[in-house]
Amino acid sequence: MELDDTRLLLEQLHMLAAEPTDVTYEEVDADGVPAIIAKPLDAAADRLIVYAHGGGMALNSASSHRKLAAHLAKAAGMHAAVVDYRLAPENPFPAQIEDLVTVHRWLRRQGIAPEHTATAGDSAGGNLAITSVLKLRDLGEPLPAAIVAFSPWIDMQSLGDTFVSNADSDALMSREVSERMAGLYLGEVPRTEPLANPLYADLSGLPPVFVTAGEAEVLLDGAVRFVERARAAGVDTTFECAPGQEHAHELMAGKSKEADASLAHAGRWMRSLFVLHGNAGKTARVVGQ
């Protein structure tokens, strides 16, 4: 299938999720990077998740993932900015990371403290949730307080054992897809480039990380290897493996008890880090207003 056709097809991924209740949306221009801010009622308006959508760096958009991000925002009691970052191959590595960094800088200018922000994402977005923070660290800039990665796509070499053992149980992802997307994203850049493949990065200094992966997905091995390396680097890391679930099962938020459970666990984890309870932050200023 041609890339344009694949993009049209996968833009419908939003239909997998239920429309979350009690959430409003606002489109913003974050210094040239479009984003959709999901604002759950009674959420803390001075706490914000920078959310990177999945799609192999070449597919999907903020619109296709706004419902997933909104469900996470509700669970965490925060707002979420879903970033419409530039896509490969028209805009290859590191354009996507640069766009996430731009959004973090924009938020600081809006008065949102770095320690009141988190990064999150699914699949390729899980990669960006990690690598954008690595880039901020390398630039000597303030870091967000947390990272959440759902089914992160980080093994750019597609070497993990579960690419084989889970090949028949994962309908959304495969070694072939991973290799094709890595080619579109990286071109001639080595698949071991640390800012593209965090398995080769120095992970020291990262904020606490929450990672989920499905027991039946091909990216499971890469997620486990990342968690092991993060812990070895002294990073506070929480890992959950969802029994029987395929790649990015959180996309079925509101329609799947397993997806809702993963989002609820991630939300509680963030609430504990940000010390959020109930309708904290109701009177705080709202980004974009």
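Carbon-plus-sulfur accessible fraction, the chain (probe radius 1.4 Å, protein heavy atoms only): 52%.
Taking the C-alpha atoms only, the angle from helix 95-109 to the longest principal axis of the chain is near 10 degrees. If you average the alpha carbon positions of the range 255-271 and of the range 74-117, how far apart do those two centres end up, in angstrom? Distance between centres, Cα-based: 22 Å. Taking the inverse of the mean reciprocal distance over all distinct Cα pairs, the Kirkwood hydrodynamic radius of the range 209-249 comes to 10.2 Å.
Take the range 44-152 with all the other protein chains still there, run a 1.4 Å probe, and you get 22 Å² of accessible area per residue. Summing Lys and Arg as +1 and Asp and Glu as -1 over all other residues whose Cβ lies under 9 Å from the Cβ of SER151 gives a net charge of -4. Between the range 1-58 and the range 164-220, how many Å separate their Cα centres? If you average the Cα positions of each part, the centres end up 21 Å apart.
Axis of helix 124-138 versus longest Cα principal axis of the chain: the two differ by about 70°, to the nearest ten degrees.
Which entries of LYS39/LYS255; LYS74/LYS135; LYS67/LYS257; LYS67/LYS255 have Cα-Cα distances beyond 18 Å here?
LYS39/LYS255; LYS74/LYS135
Can you tell me how the range 47-204 classifies by the Cα gyration tensor, rounded, prolate or oblate, using a/c under 1.5 as the rounded cut? Cα axes put the range 47-204 in the prolate bin. Shape class of the range 152-203 from the alpha-carbon gyration tensor: oblate, with a/c at 1.5 or above and b/c at least as large as a/b. A simple count of charges around ALA52, restricted to other residues whose Cβ falls under 13 Å of its Cβ and scoring Lys, Arg +1 and Asp, Glu -1, yields -1.
Peptides 64-73, 81-90 ranked from most to least packed by the mean count of surrounding Cβ atoms within 10 Å: 64-73, 81-90. Per residue, the average separation of C-alpha pairs within less than 8 Å and at least 6 apart gives the chain a relative contact order of 22 percent. Once the Cα atoms are used to define both axes, helix 257-274 deviates from the longest principal axis of the chain by about 50 degrees. Return the label of the correct value of Kirkwood radius over Cα pairs in Å, as calculated from the structure shown, out of [x] 18.4; [y] 19.6; [z] 20.7. It is the value labelled [x]. The packing ranking, built from the mean of other Cβ atoms within 10 Å per residue, places the peptides 246-252, 176-182, 109-115 in the order 246-252, 176-182, 109-115, highest first.
The values are calculated or read from the model by the stated rules, or taken from the named source; none is laboratory data. These figures come from a predicted structure and were not determined experimentally. So basically every Cβ, Gly included, is an ideal-geometry build from the backbone, and we count neighbours across all protein chains shown. Surface areas here come from the heavy atoms of the whole protein model, side chains and all, with no ligands, DNA or RNA. Shrake-Rupley method; radii C 1.70, N 1.55, O 1.52, S 1.80 Å.
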